[in-house]
Amino acid sequence: MRFAIPASLVGAVMAVTILPAEGAWQSYVNHEVGFSFLAPGDVKTEKGTYRSAMAGQREAVVFRSVEDNVEFKVTVVDFSARPGEETTLIKEATTAFLNNNKVLSDEDARIESDYGRKITIDFPNNGGRSMVAIYFKQGHLIQLQVTVPPSGDLLTPDLGRFVDSLAFAAGREETSATELKLPK
């Protein structure tokens, strides 16, 4: 009996140290476009390029973090000069993501009253896995994508946790959320 209590204590301590740190995930918000999400670690802002057959090459803003070789990124592209083309631009982004990849899931998605797509793919030649959510909000294409390398945990719940954390309603972000601004 005496041995059972210390063994239980050691097991509990080991379980806690092995589990991922919940505190490592933080809330981020962009009030300009009106969205928020959760991501691990510090998110960095980068300028990027988005290529669209329909709209040509566009400037993009990429909010990105990497943890345990897993990349978490949010790409925001301003299409406010192209009103009414939301559905077509979401379809085009979906087609580009699916290109030559093994589709594990591809479904319509919805956040509040906004429709989009949610897709999970495996890259060719056991090249890893990626999950994406593609939405349109206030004239902006918003694409959350998490990519796990071939050596990573392809079944990690972090894929869904990141993609499903996207919210559009004001006040859905945590009170301690970090504001991410779109560079001018």
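Can ASP122 be described as within 30 Å of ALA170 (Cβ to Cβ) and not polar (S, T, N, Q)? Please lay out each step first, then the result.
Details: within 30 Å of ALA170 (Cβ to Cβ): no; not polar (S, T, N, Q): yes.
So ASP122 fails the test.
Which of the following residues is modelled with pLDDT of 95 or more, polar (S, T, N, Q) and closer than 15 Å to VAL33 by Cα: GLN143, GLN138? First the steps, then the outcome.
Numbers: GLN138 fails: modelled with pLDDT of 95 or more.
Of GLN143, GLN138, the one residue that is modelled with pLDDT of 95 or more, polar (S, T, N, Q) and closer than 15 Å to VAL33 by Cα is GLN143.
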- Restricting attention to region 10-41, report how many residues are part of a loop (DSSP other than H, G, I, E, B) and either at pLDDT below 85 or open to solvent by less than 100 Å² (accessible area, probe 1.4 Å) (or both). 7
- Look at LEU182 and say whether it is touching a strand residue (DSSP E or B) at 6+ places or on another chain (Cβ under 7 Å) and part of a strand (DSSP E or B). no
- Task: Give the residues of region 161-175 that are open to solvent by 20 Å² or more (accessible area, probe 1.4 Å) and either part of a helix (DSSP H, G or I) or over 19 Å from TRP25 (Cα atoms) (or both), sorted by residue number.
- Result: ARG161, ALA169, ALA170
- So which residues in region 112-166 are over 21 Å from ASN69 (Cα atoms), more than 14 Å from the chain's Cα centre (by Cα) and touching a residue at least 40 places away in the same chain (Cβ under 8 Å), if there are any at all? GLU112, ASP114, PHE136, LYS137, GLN138, GLY139, HIS140
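Within region 44-78, track down each residue that is assigned to a loop (DSSP other than H, G, I, E, B) and in contact with a helix residue (DSSP H, G or I) (Cβ under 6 Å, 6 or more places away or on another chain).
As a first pass, look at region 44-78 and keep what is assigned to a loop (DSSP other than H, G, I, E, B): 53-55, 68-69.
MET54, the sole residue that qualifies.
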- Note on the structure: Across (1) in contact with a Leu (Cβ under 8 Å, 6 or more places away or on another chain); (2) exposed (fewer than 14 other Cβ atoms within 10 Å of the Cβ); (3) modelled with pLDDT of 95 or more, MET54 clears everything bar (3)
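Find the residue count for region 110-123, including only residues that are modelled with pLDDT under 95 and either farther than 13 Å from GLY34 by Cα or not hydrophobic (A, V, I, L, M, F, W, C) (or both).
Filtering region 110-123 down to residues modelled with pLDDT under 95 leaves 110-115.
Narrowing the set further to residues that are either farther than 13 Å from GLY34 by Cα or not hydrophobic (A, V, I, L, M, F, W, C) (or both) leaves 110, 112-115.
Within region 110-123, residues that are modelled with pLDDT under 95 and either farther than 13 Å from GLY34 by Cα or not hydrophobic (A, V, I, L, M, F, W, C) (or both) number 5.
The values are calculated or read from the model by the stated rules, or taken from the named source; none is laboratory data. All values derive from a computational prediction rather than experimental measurement. Don't worry about glycine lacking a Cβ; one is built from the backbone with ideal geometry, like all the others, and counts go over all protein chains shown. We work out accessible area using only protein heavy atoms, side chains counted, and drop any ligands, DNA or RNA first. Shrake-Rupley method; radii C 1.70, N 1.55, O 1.52, S 1.80 Å.
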